[in-house]
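Notes follow the structure.
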Amino acid sequence: MYDLYPKEGIRFAEIDSGMFGKYDDNAKLISAIMQLVRLAIPRRIYAQIHVNYIVGIFEELLVNKDNARDITITKEPE
């Protein structure tokens, strides 16, 4: 996922445990129910060919998902 912007210029926001996860009494992260991605596509600017391009990028991501990079959150606010 994290290659979308640097390599393809596609902006996205994750709506996942980083946003909606909670901690239990032992400070262990309880994952969010769903892991989603939000794409911001201005409706009056892009044509169908642009949307098809984005779908193609996601198809490539699925094929290469085993090579995807991980990130680790090292610091977060209270």
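The values are calculated or read from the model by the stated rules, or taken from the named source; none is laboratory data. Quick caveat: nothing in here was measured; it's all calculated off a predicted structure. Cβ: placed from backbone, ideal geometry, glycine included. Neighbour counts: every protein chain shown.
Of note:
- Restricting the range 1-47 to residues that are at pLDDT 75 or above and of a type in the set (Phe, Trp, Tyr), the residue that is surrounded by the fewest Cβ atoms within 10 Å (Cβ to Cβ): Tyr23
- Check on Arg43, farther than 22 Å from Ile73 by Cβ and not small (Gly, Ala, Ser): yes
- Taking the criterion of being part of a loop (DSSP other than H, G, I, E, B) and of a type in the set (Lys, Arg), the residues of the range 30-78 that qualify are Arg43, Arg44, Arg69, Lys75.
- Lone qualifier among Leu29, Leu61, Leu4, Leu39 - being of a type outside the set (Asp, Glu) and over 15 Å from the mean Cα position of the chain (by Cα): Leu29
- Some residue of the range 33-56 being charged (D, E, K, R), touching a strand residue (DSSP E or B) at 6+ places or on another chain (Cβ under 7 Å) and more than 22 Å from Lys7 (Cα to Cα): no
- Long-range neighbours under 7 Å by Cβ, at least six apart or interchain, first residue in contact (Cβ under 8 Å) with a residue 60 or more places away in the chain and more than 15 Å from Gly9 (Cα to Cα) within the range 47-72, second surrounded by 10 or more Cβ atoms within 10 Å (Cβ to Cβ) and of a type outside the set (A, V, I, L, M, F, W, C): Arg69/Tyr2; Ile71/Tyr2
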